[in-house]
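Q: I have a structure I would like to understand better, so I am pasting it below and will then ask my questions one at a time.
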């Protein structure tokens, strides 16, 4: 198995393990957790475009994900003050609590699955690879 295949296999396996554990424990899905994390990071001025860019999915897919979060009462949309075509997305109190609880659960699962030293080494390597990828794709 080459590097690319190994990376994808591990990423999918880890994602599925975390997603399954979150769901088994009654939390939001891994995808919802990821979106909530991004929305939280942007504070009161998060947008669907931010979710799209940071996850790496289309704006349409990000919009559908945010729609599901909104229907679940985890986020709320507010009109953008200067752009009538856009809106801000922010966590509700329920969304903040769900994010907090799911993050604790996710971290517990990761502690069970990951070797800390190997994870730190891979994380540093991925940062280098991501920087190179960003430089190539920005051209």
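Laboratory data are not the source of any read-out in this text; all were calculated from the coordinates shown. Keep in mind it's a predicted model, so treat the numbers as computed, not measured. With ideal geometry, Cβ positions are generated from the backbone for all residues, glycine too; neighbour counts draw on all protein chains shown.
Q: Can you give me the distance in nm between label points at residue 114 and residue 3, each placed 7 Å from the Cα along the Cα-to-Cβ direction?
A: Once both label points are built, they end up 2.0 nm from each other.
Q: Sticking with this structure for a sec: Tell me the volume per residue, in Å³, of the convex hull enclosing the alpha carbons of the chain.
A: Convex hull volume per residue, Cα atoms: 137 Å³.
Q: Looking at the stretch 78-137 from every direction and averaging, what is the projected area of its Cα convex hull in nm²?
A: With the hull built on Cα positions only, its mean projection is 7.2 nm².
Q: Still on this structure, I have one more. Rounded to the nearest 0.05, what FRET efficiency do residue 23 and residue 127 give with R0 = 25 Å and r taken as the Cβ-Cβ distance? Could you check?
A: About 0.30, to the nearest 0.05.
Q: Right, next: Taking square-rooted eigenvalues a ≥ b ≥ c of the alpha carbon gyration tensor, is the stretch 1-68 rounded, prolate or oblate, where a/c under 1.5 means rounded and, failing that, a/b exceeding b/c means prolate?
A: It is oblate, given that a/c is not under 1.5 and a/b is not larger than b/c.
Q: Next question, about the same structure. I'd like the distance between the alpha-carbon centres of the stretch 1-58 and the stretch 79-122, rounded to an integer number of Å.
A: Their Cα centres are 9 Å away from one another.
Q: For the chain, what is the calculated [θ] at 222 nm in deg cm²/dmol (nearest 500), taking -39500 (n - 2.57) for each run of four or more DSSP H residues and dividing by its residue count?
A: Rounded to the nearest 500, it is -24000 deg cm²/dmol.
Q: Additional query: Say each of residue 12 and residue 57 gets a label point 7 Å from the Cα, pointing the same way as Cα to Cβ; how far apart are those two points in nm?
A: Going from the residue 12 label point to the residue 57 one covers 1.7 nm.
Q: Residue 136 to residue 45: extension gain in nm, 0.36 nm per residue of separation minus the Cα-Cα distance?
A: Difference between extended and current length: 29.9 nm.
Q: Using packing as a proxy for protection, rank 129-136, 57-64 so that the peptide with the highest average count of other Cβ atoms within 10 Å comes first.
A: My ranking of the peptides, most packed first, is 57-64, 129-136.
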